[in-house]
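One structure below.
Read-outs throughout are calculated quantities, based only on the coordinates presented, and are distinct from any laboratory measurement. The model shown is predicted, which means the values in this text are computed figures rather than measured ones. For neighbour counting, all protein chains shown are included, and Cβ atoms are generated from backbone atoms with ideal geometry for every residue, glycine included.
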Amino acid sequence: MQRIEEKLKILADAAKYDVSCSSSGSTRKNNGGIGDASTSGICHTYTEDGRCVSLLKILLTNHCIYDCAFCVSRKSNDVKRAAFTVEEVVDLTMNFYRRNYIEGLFLSSGIFKDADFTMERMLRIVKKLRQEERYNGYIHLKTIPGASEELIKDAGLYVDRMSINLELPTEAGLKLVAPEKDHESVKKPLAFVNEQMESFKEEKKLIKHTPVFVPAGQSTQMVIGATPENDFEIMQVADDFYKNYKLKRVYYSGYIPINNENSLLPQIGSAPPLVRENRLYQTDWLLRFYGFRLDEILNPQHMHLDLDIDPKLSWALRNPHFFPVDVNTADFNAIIRIPGIGRQSALKIVHARKFGGLYTYQLQKMGIAYNRAKYFLQCVDTPFRLGNPSMEHVRSAILSESNSGNRRQAVTGQLTLF
Amino acid sequence: MYYLFDGTYLGFLSCVFESFERKESNIIPLMQEDYQIALFSETRTIVTDNRKALRVQKGLQARVGKVEAMDFYRAFLSEDRKAWLASFFIVCQIFSGRADIRQDYGDEHVLYFSQILKKVSRERHRMKAFIRFSKSSDGLFFALVEPDFNVLPLISDFFRKRYADMPWLIYDMKRKYGLLFDTRQVGEVQLSPEEVQDATMPSIAIEMDERDELFQRLWKQYYTSTNIEARKNMKLHLQHVPRRYWKYLVEKK
């Protein structure tokens, strides 16, 4: 039998490509046992790649009946296999949690035998934690595509978040590298859980003691850069999923080459598309928190995000007629569209201007990226400008000002992919 | 004029009370130990008076609400003299009828106050994240910390609610006091220098739970395995986990 250390090594390593580590959004309270959920989530540490470690993220097993080319646990891959017992996962989770190492458990699994068998085993872990250990901390459970609705519904009563990964942004991409899978088997359970969430919420309005059902909602993940989808296609899919399934998050995961046998995929040694991934997240944020519509940022004329500059700046340069925005009179929703000004600073500006017109030195102190924002805003002491500067000029001025040395390097690093 | 007080929050509030009673303005609040800063200036020593302090506290709550009144306590825990000054200025303005002054971010004091509040809240959050308990053989979970600000009072509730079924101790090595939870309530404790010495070398002094070392090892294993080498980004890593916290982090030791 393998030692627990070796199992942890194998099954944490296999789980790490799932980027979600969020522990936020749940309000589970400690009722007479141990643990609770922190609404804002807590990152207990960060790995050297700069990613947050919030949950004990492991696979129950990396044995899998599927052979998806992009997955490290694919059947044909020659890796060491391992499987935790139910007791081992519970023991690890409780002991890490009590030492304040983690916010909770993120449990995923390779598919062994069939979907229901796997889901049933995962459910046993979750139930043991909640019922026997009286554990009220965070649990993120992967829904196994193809598992029965009874099992999924049962799991929803014990966990905080559920997720299923789309894997590749489009059906065509998925068929290239994972012919056994399809998007339908992801959409169906996402829709089912969403319906259940809604009906539990409705019921709660009538009956106060209705149990909570997946209180932190659902999420999904797409692998970026493994197959040739463009940014417009990717964000269209994300936008649809946010709207149709009320997802809390869509994660974009730059593909890290792990397979040299499939010539369709980037080969081992090529750098993951980190800048592109970052630009996709920025777009995601603009859609969810900044009131942008997708077609303002990406559309059939602009199908790729600019890697040198962020998508908000890119939009601003294409829409000079929107600027300059006068921060002393403009609406909050117009101020957050100024490149270099975020929601927090915009809120400060809107409060502060009630006490008198704002000057440049005040804006600079408030923490906005003034060097970027100055081309797009107006305040009390902005000198009168005759005509508008050309946006081409603004773009090059901003690029030369920001020390984009690192970024340039990263961009060339990524270009070798294609 | 400098007001010298005992360094407690009640002392700070007493200063506010005195400045209004004596009709003295342009006050700079300092601790008695900071006296050398004010060596050649006019100073007044303010005696902490709980009754006066509570009147100020009540008055603040009535004017800005309980939640916002709490902000002055949080900012005070920064132990930052400039923040105390900004706080003092804002409190005085509130009592002079400007209850909405906290939104005037164009004002230097107000902006500084909001920035320090953010820093304190970040440090509080970091302590919730970075505290690492070890388990001793008698079942006590203990942790040592050295937070930038005096944030223990701000995390007490969080740990009491979360770890309600186990006894724990969180000890601030810098400020030499700790929070002890006996599974019923949280109390403040001070350890003798010998006891602190013991705690820094638990392997000698405190008998550890037999499985504690195993879980520390497993945690390190997990931390290494979950890292993606191809995405290495030490700049970002250090931004999130600054070196000064490594000393007490199992995975970074």
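Here are the numbers:
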{"item": "Distance (nanometres) between label positions extended 7 Å along Cα→Cβ at A:Thr329 and B:Asp34", "result": "4.4 nm"}
{"item": "Dipole magnitude of region A:312-404 about its Cα centre (Cβ charges: Lys, Arg +1; Asp, Glu -1), debye to nearest 20", "result": "240 debye"}
{"item": "Distance (nanometres) between label positions extended 7 Å along Cα→Cβ at B:Arg44 and A:Lys75", "result": "8.5 nm"}
{"item": "Value of relative contact order over region B:131-248, rounded to a whole percent, pairs C-alpha under 8 Å and six or more apart", "result": "24 percent"}
{"item": "Antiparallel %, DSSP beta bridges [both residues in region B:131-248], to 5", "result": "70 percent"}
{"item": "Positive-end residue of A:Val212, A:Ile125, A:Val193, charge dipole of region A:4-272 with Cβ unit charges", "result": "A:Val212"}
{"item": "Rounded FRET efficiency, nearest 0.05, which uses the C-beta distance separating B:Ser121 from A:Ile268 and R0 of 56 Å", "result": "0.85"}
{"item": "Dipole of region B:131-248 [Lys/Arg +1, Asp/Glu -1 at C-beta], most positive-end residue of B:Ser192, B:Tyr222, B:Ser134", "result": "B:Tyr222"}
{"item": "Gain in span if fully extended, A:Asp67 to A:Asn230, counting 0.36 nm per residue against the direct Cα distance", "result": "56.2 nm"}
{"item": "Estimated dipole of the protein assembly as shown in Debye, rounded to 20 [Cβ of Lys and Arg +1, of Asp and Glu -1, Cα centre]", "result": "1000 debye"}
{"item": "Inter-chain shielding of A:36-44 (mean C-beta neighbours from other protein chains, 10 Å cut-off)", "result": "4"}
{"item": "Per-residue Cβ neighbour rank within 10 angstrom, fewest leading, B:Met173, A:Met366", "result": "B:Met173, A:Met366"}
{"item": "Residues in region A:237-256 that a label on A:Glu171 would reach, taking backbone N under 19 Å of a point 7 Å out along Cα→Cβ", "result": "A:237-245"}
{"item": "Taking all pairs of distinct alpha-carbon atoms in the protein assembly as shown, Kirkwood radius in angstrom", "result": "28.1 Å"}
{"item": "Ratio of Rg to Rh over chain B (Cα coordinates, Kirkwood Rh, two decimals)", "result": "1.04"}
{"item": "Inter-probe distance in nm under a simple model that places probes 7 Å from Cα toward Cβ, at B:Ala62 and A:Asp308", "result": "6.2 nm"}
{"item": "Charge-dipole axis of chain A as Lys and Arg at +1 and Asp and Glu at -1 on Cβ define it, positive-most pick from A:Thr61, A:Ser38, A:Asn259", "result": "A:Ser38"}
{"item": "Length-normalised contact order of chain A in % [C-alpha pairs under 8 Å, at least 6 apart]", "result": "11 percent"}
{"item": "Cysteines (scope chain A) whose Cβ has no counterpart Cys Cβ under 4.7 Å", "result": "A:Cys21, A:Cys64, A:Cys379"}
{"item": "Qualifying trypsin sites (Lys or Arg not before Pro) in region A:300-392, DSSP loop, other Cβ atoms within 10 Å at most 16", "result": "A:Arg385"}
{"item": "Estimated FRET transfer efficiency when R0 is 22 angstrom, pair A:His209-B:Asp157 (beta carbons, to 0.05)", "result": "0.25"}
{"item": "Rounded to 5, the percent of DSSP beta bridges in the protein assembly as shown classed as antiparallel", "result": "30 percent"}
{"item": "Antiparallel %, DSSP beta bridges [both residues in region A:4-272], to 5", "result": "10 percent"}
{"item": "FRET efficiency estimate (nearest 0.05) - Cβ-Cβ, A:Asp381 to A:Ser148, R0 60 angstrom", "result": "0.35"}
{"item": "Links that overshoot a 21 Å alpha carbon limit, given the list A:Lys16/B:Lys252; A:Lys16/B:Lys232; B:Lys58/B:Lys161; B:Lys174/B:Lys253", "result": "B:Lys58/B:Lys161"}
{"item": "Amide H within-cut-off set for A:Arg28, under 5 Å, with H built and near neighbours excluded", "result": "A:Ala37"}
{"item": "Sorted by Cβ neighbour density within 10 Å, fewest at the top, the residues B:Ser136, A:Ser38", "result": "B:Ser136, A:Ser38"}
{"item": "Cα-based helix-to-principal-axis angle, A:115-127 vs chain A, degrees rounded to 10", "result": "80 degrees"}
{"item": "Pairs from B:Lys52/B:Lys176; A:Lys354/B:Lys119; A:Lys9/B:Lys220 whose Cα-Cα separation, in the structure shown, is over 20 Å", "result": "B:Lys52/B:Lys176; A:Lys354/B:Lys119"}
{"item": "Unit charges on C-beta of K, R, D, E only; dipole of region A:4-272, Debye", "result": "900 debye"}
